[in-house]
Amino acid sequence: GTHNMAHTSGGRGAMVWKPTDWYTLHLSALTSMRTSNGSSLVDYDTTTNKPVYGELQQRRMPGTDTSQARLNAFNATNSFDVAGLNLTSSTSYVESQYTGLWDVTTTFQPLLTSAVGLPSNYQYALNQQMGTSKFSQEVRMGRDEFHHFLTWHTGFFFTHERSYAYQQINAASGQSMIPTSELDLAQEG
């Protein structure tokens, strides 16, 4: 079956260019994607301390318990060695994204049936979307003094990061999904 399966692919590349004795350029890139389908979790009832559907059994809404995570990272580092000084500039950009759709019926059905009054045959799915993009720049200058007895560095660092997180609980009656806004269920953005 498709339970507890994941596929990961990715790659990394790096290049060094040194056209002169005093200048070096390092470039690197990394990419990764992980897709999972199915869950290894068993539905568990905390009041009886037993699995809900029997040992090693679960029931999930069709299309749920899937996730995808991506990561991309890029860097360029320039290094200059002039008159005993080393000047380095490092520029990086990283982005990560995650999406997941998880069956949370066992967790939310008792509460939403008794407290909110929704039908007991509804199933619930948690839709999660998260991501971050980050740019950073570092510039530093240094020098070895007294035959490497003393080394000093000075510089600055700048970073700008943007993140988002979105979670929404959807209900399903049979095969049709019911938008959260119509049911006044939890939504966080």
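The values are calculated or read from the model by the stated rules, or taken from the named source; none is laboratory data. Predicted model only: the values in this text are computed from it and were never measured. Every residue, glycine as well, gets a Cβ built from its backbone with ideal geometry; the counts of neighbours run over all protein chains shown. To get the accessible areas, we keep the full protein, side chains included, count just its heavy atoms, and leave off ligands, DNA and RNA. Shrake-Rupley method; radii C 1.70, N 1.55, O 1.52, S 1.80 Å.
Karplus-derived 3J(HN,Hα) values for region 145-162, using 6.51 cos²θ - 1.76 cosθ + 1.60 with θ = phi - 60°, are 10, 6, 6, 6, 6, 10, 10, 10, 9, 9, x, 9, 9, 10, 9, 9, 10, 10 Hz; glycine and proline are entered as x.
Here the chain exposes an accessible surface that is 56 percent carbon and sulfur, computed with a 1.4 Å probe and the other protein chains kept in place. Under a 5 Å amide H cut-off, with hydrogens placed 1.01 Å from N, Y44 pairs with V52 among residues at least 5 apart or on other chains.
Of the peptides 73-81, 110-118, the order by per-residue mean of other Cβ atoms within 10 Å, starting with the highest, comes out as 73-81, 110-118. Taking the average, over residues, of other Cβ atoms within 10 Å as the packing measure, peptides 46-52, 102-108 rank 102-108, 46-52 from highest down.
Summarising the amide proton neighbourhood of D65: residues at separation of 5 or more, or on other chains, whose placed amide H is nearer than 5 Å comprise L101, W102, D103. Excluding ligands, DNA and RNA, the accessible surface per residue across the chain is 67 Å² with a 1.4 Å probe.
In whole Å, how far is the Cα centre of region 62-117 from that of region 16-56? Result: 10 Å between the Cα centres. Contact order for the chain, expressed relative to its length and based on alpha carbon pairs under 8 Å spaced 6+ residues apart, stands at 16 percent.
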